[in-house]
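Working notes, beginning with the structure itself.
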Amino acid sequence: MPRIHLGSWAETAVDWLQSHLGGLFGAVNTVLSGLYDGVNAVLGAPDALLMAGILAVVAWWLRGLAAAVLAFAGLALIDSFGLWDEAMSTLSLVLVASLITLVTAVPLGVWAARNAAVSRTLRPVLDVMQTMPAFVYLIPGVMFFSIGPIPGLIATIVFSMPPGVRMTELGIRQVDEELVEAARAFGTQPRHILTRVQLPLALPTIMAGVNQVIMLALSMVVIAGMAGAGGLGESVYAAVTQVDIGGGVESGLAVVVLAMYLDRMTGALSRRVSPLGRRASAKAARSASGAATVLRHRPGTAVATVGVVVLALVAGGMRLTGGGGDRESVAAGQNVGQGRTVKLGYFPWDEAVASTYLWQNVLERRGYRPDVKQLDPGPLYTALAQGQMDVQFDSWLPTTHQQYMDRYRDKLTDLGAWYGPTSLELTVPSYMKDVNSLADLKGKAGQFGGRIVGIEASAGMMGKLNDTVLKEYGLDGEYKVVSSSTSTMLAELDRALKKKEPVVTTLWSPHWAYGTYDLKKLEDPKGAWGKGEEIHAVGKKDFARDFPQIASWVKDFRMSEKDLSSLEAEIQKGGKGKEKQSAGRWLDAHPGLVDKLAPVSG
Amino acid sequence: MSRLTAEHLYKVFGRRPEAAVERLKGGAGRDELRADGAMPAVIDASFEVEAGQIFVVMGLSGSGKSTLLRMLNGLLEPTAGRVLYDGRDLTGLAPAELREVRSRGISMVFQHFALFPHRTVLDNAAYGLEVRGVPREERRERAAEALELVGLSGWDASWPDELSGGMQQRVGLARALATDADLLLMDESFSALDPLIRRDMQDQLLHLQKQLKKTIVFITHDLNEAMRLGDRIAVMRDGRIVQNGTAEDILVRPANDYVASFIQDVDRSRVLTAGAVMDPAAGPAPEGAATVAADTPLADLFAPLAKDDGPVTVADEHGEPAGVVTRDAVLAALGEQPAEVTAHA
């Protein structure tokens, strides 16, 4: 069987599209961003509890008093977790994605129901859309549409489209053939057969499809959050990567609250809009009695509208009176940035978080508007190469991230190292008294269950461990390196430490784990891990041209292990979501540092 | 001129229908064509329906009667042949013109009622008028009249699934009547109802027909129903019309064994009439003997014949004596098997 180079064809196609249809992607990007920003502005504008109130009134109108109370409680819970803004941005993404999906899916479903050829053609396409892992097109999405909500939005639309189309088609096909014939027999025009008979009768099925679309959109939006779409997905991802169990549970719960709200509301809406559903609920209302009537009480549409409008007006009023600039003023002589936006990207490694938020504070005090975004390494390097990100601070060279540098050689600027040397190592808890160096591991496989807990299989250090280090010390037959993920590795380490079990894991310095746990780096007398790396700042190709001042500041940027660990500790202490304030506090505690990092001439 | 004429209608489903029609005209059989992937459903059907007549098409399932009915209003396009409605060829009409004919001239009543479950009884009855664009008030008024006609006044606001089967079919009938269409196509309209209700519905249809004088094509697989309702009956078998005549024609002179085998179960006393069995040549009945009209079913002669020993006088449409019916004649007619058919059997 000859090798079919489908993958490289796809790459060529993506390159071609990128260079030839840039305008189209730009236009799509503008439209989608506009929609998303608009919805997000509306949903995010009111005070959290007011917005929760508005959503609760909607629940009251659609489902009744009990639903409204529960909805308010759930939404208030999200606010108390401090995840309100993230939840609203997730909700906006879901609403925009669902809207676009439905506007496309329902007509496609109708078309497929009326035309067997269309139905046959669509089916495999829908299968691909539904089952192709989203990350496969998230990355090209980043290439076409830049970092931000849009690739996530597109992935969401692609993923949630199939049930919308399928359920619409099914619903229409399910309508009794005799009814369609009856409509024809009375001379109904084809389009009226659709609007007067098929669509009303298919509505319950179509609404089940709508519900599916919205739920799938929510699940995909959370995944897309990991590729820079923001919102609750980013919170979940950040919590997971930092082994922040509490944070993970909270953001996960926030997703659940949104999911339940959306599910129940679309369910109720489907009964509202379909004539048969209206009849069924009218019947149910007649037969209900006592407490059930109170719980199920629903205001009339007019009352509900008044409620929403009043709350919205209150929200608007509060914004007017409570508004006003909260931006720190920048002394005239230090305003180098003149409000220019600079996009800082980072992946959730501690030194990346620390350095990025440090520079965010510094740049803000110099009059820039730093825009900070968390991404995975892959998408981040891609975004830098595309010029959609300006700079990132956590490039481990010449090993860990060398593959990206090789790949985008001409499209990135190395702004120099600011920390080093780093080291890679195997680590054991300090209570493993008789294991001090790699050589000591020999013959102790039984103790460690023959396992070395590794991180992502794709990480450079995993390759080095398997190919060089284990062989050098004769451990390759004895130990098996279990690849997992950084967070899993840390969770395993945490678990073993609590039970005082033997464990050996891959780790690197600098790492906060050394400050948090009592660990011992295994010595490497043979130097098998090779020399340590340095952490570089890497900018986009034209970074030095676009931001000459910042480029020169970053080139002179250096940090000692002591400073870095105290900054990381400060950020760790401040907690998730407060990284910026924590870094600012740390900066304030080091007077003169801003001027040292970002000297202003004259 | 007849209101509705079918001229050599063919309907063939499946592969190469036109070629199949040519072969059928050339004498090829249905089974031969089936082997080649063509499915002849209706073969060379011709008939005429006069205004105000109930024309029944009787046949077992698969005989092609429903296909034939659907060609009459263009729901199915004939493979060959013409349908003339008031002299106008429906097969040549553009889709929009055809829809116009369906919304004004020809309406239809379905086997399983085909009521729209998302519309009230009144809105169902008003459907045809709504399609035609009749203003809301007027169409509701006319729909309410049609409902009253079928005995459903007061059920306007109900929903179809709240009604019994018979009532639902009355809504179906009201929907067909509301458009004032002259031609009603009824596709096994009473078959889904239980026997007592079916009989009520037949009576109601006959009663309505006396008032309204519609032209009706009625499909059924039940020969008793055909005999009760039909002014003329066409019997279909394997896509062909094998006999077309009055109930009496079919009963007394079945065209072949197939028709004869059907009529064995028919209640002859309700189909045969005094006029058909009377002896016109016999002298007048004795004074005081009962006089009946010529179209009286034999069943209604039992009582007067039992009362007196003598015959009953049959009067023509002018009330003049036309002949007499004796007990013997009635018994002979009821017991009779058509001679030539019996010979074959």
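For peptide B:168-180, how many partner chain Cβ atoms fall within 10 Å of a residue's Cβ, on average?
Partner-chain Cβ atoms within 10 Å, mean over residues of B:168-180: 1.
Which value at 222 nm does chain A reach when only helices count, each DSSP H run of 4 or more adding -39,500 (n - 2.57), with the total divided by all residues and rounded to the nearest 500 deg cm²/dmol? List each step's numbers first, then the result.
Numbers: 26 runs with 364 residues, N = 602.
So the helix-based figure for chain A works out to -19500 deg cm²/dmol.
Taking each residue of B:128-134 in turn, how many C-beta atoms of other protein chains fall within 10 Å of its C-beta, and what is the average? Let's see the in-between values first.
Details: counts 5, 1, 4, 8, 3, 0, 0.
That works out to 3 on average.
Report the residue, chosen from B:LEU72, B:LEU90, B:LEU24, that carries the largest GNM mean-square fluctuation when chain B is represented by alpha-carbon nodes joined by springs under 10 Å.
Of the options given, B:LEU24 has the highest mean-square fluctuation.
Arrange the peptides B:31-43, A:371-383, B:195-207, A:210-222 so that the one whose residues have, on average, the most other Cβ atoms within 10 Å appears first.
A:210-222, A:371-383, B:31-43, B:195-207
Cut-off 10 angstrom, C-alpha nodes, Gaussian network model of chain B. Which of B:ARG136, B:ARG170, B:ARG240 fluctuates the most?
Ranking B:ARG136, B:ARG170, B:ARG240 by mean-square fluctuation puts B:ARG136 first.
Looking at the calculated P(r) for chain B, what percent of the C-alpha pair distances fall above 32 Å?
Value for chain B (Cα pairs over 32 Å): 41 percent.
What does the extension gain come out to for A:HIS20 and A:LYS500, with contour length at 0.36 nm per residue minus their alpha carbon separation? Show your work: numbers first, answer last.
Values: separation 480, 0.36 × 480 = 172.80 nm, distance 5.94 nm.
Here the answer is 166.9 nm.
Treating only the Cα positions of segment B:1-154 as identical point scatterers, give the base-10 log of I(q)/I(0) from the Debye formula at each q in 0.12, 0.16, 0.18 Å⁻¹.
Summing over Cα pairs of segment B:1-154 leads to -0.65, -1.00, -1.14.
Work out the FRET efficiency for A:ARG272 and B:ASP31 from their Cβ-Cβ distance, taking R0 = 45 Å, and round it to the nearest 0.05.
For R0 = 45 Å, the calculated efficiency reads 0.20.
Take the alpha-carbon positions of segment A:444-602, form their convex hull, and give its projected area averaged over all directions (one quarter of the hull surface) in nm².
With the hull built on Cα positions only, its mean projection is 12.7 nm².
In terms of modelled amide H atoms, which long-range or inter-chain residues lie less than 5 Å from the amide H of A:LEU519?
Residues meeting the amide H criterion: A:SER430.
Just tell me which lysines come within less than 27 Å, Cα to Cα, of A:LYS521; anything on the same chain fewer than 8 places away is out.
The reachable lysines, counting only those whose Cα sits under 27 Å from A:LYS521, are A:LYS433, A:LYS442, A:LYS444, A:LYS464, A:LYS471, A:LYS480, A:LYS498, A:LYS499, A:LYS500, A:LYS531, A:LYS562, A:LYS573.
Using the Kirkwood radius built from alpha carbon pairs, what does the Stokes-Einstein equation give as D for the protein assembly as shown at 25 °C and 0.890 mPa s, in µm² per second? Walk me through the numbers before you get to the answer.
Working: Rh = 35.8 Å.
It diffuses with D of about 68 µm²/s by this estimate.
Using the alpha carbons of segment A:423-521, what is the convex hull volume per residue in cubic angstrom, as a whole number? Intermediate results must be reported in sequence, preceding the final value.
Numbers: hull volume 8.8 nm³, N = 99.
Output value, Cα hull per residue: 89 Å³.
Could you pull the Rg and Dmax for segment A:85-262, using just the Cα atoms, both in Å?
Spelled out, the Cα radius of gyration and Dmax of segment A:85-262 are 19.0, 67 Å.
Where the centre of each part is set by its Cα atoms, how far does segment A:353-395 sit from segment B:177-217, in angstrom?
A separation of 80 Å, based on Cα centres.
Return the average number of partner chain Cβ atoms within 10 angstrom of each residue Cβ along peptide B:114-121.
Working: counts 9, 3, 9, 7, 12, 4, 2, 0.
What the average comes to for B:114-121 is 6.
Measuring from centroid to centroid over Cα atoms, what is the spacing of segment A:178-208 and segment A:539-585 in Å?
63 Å
In degrees, nearest 10, range 0 to 90: what is the angle between the Cα axis of helix A:6-20 and the longest Cα principal axis of chain A?
The angle comes out near 80 degrees.
For the pair A:LYS541 and B:GLU138, how long in nm is the line joining their label points, each one 7 Å along Cα→Cβ?
So the label points at A:LYS541 and B:GLU138 sit 7.2 nm apart.
Here, each number is a calculation from the coordinates, and none is a lab measurement. For clarity, every value in this text was computed on a predicted model and none was experimentally measured. Because the Cβ atoms are built from the backbone with ideal geometry, glycine has one as well, and the counts that use them run over all protein chains shown.
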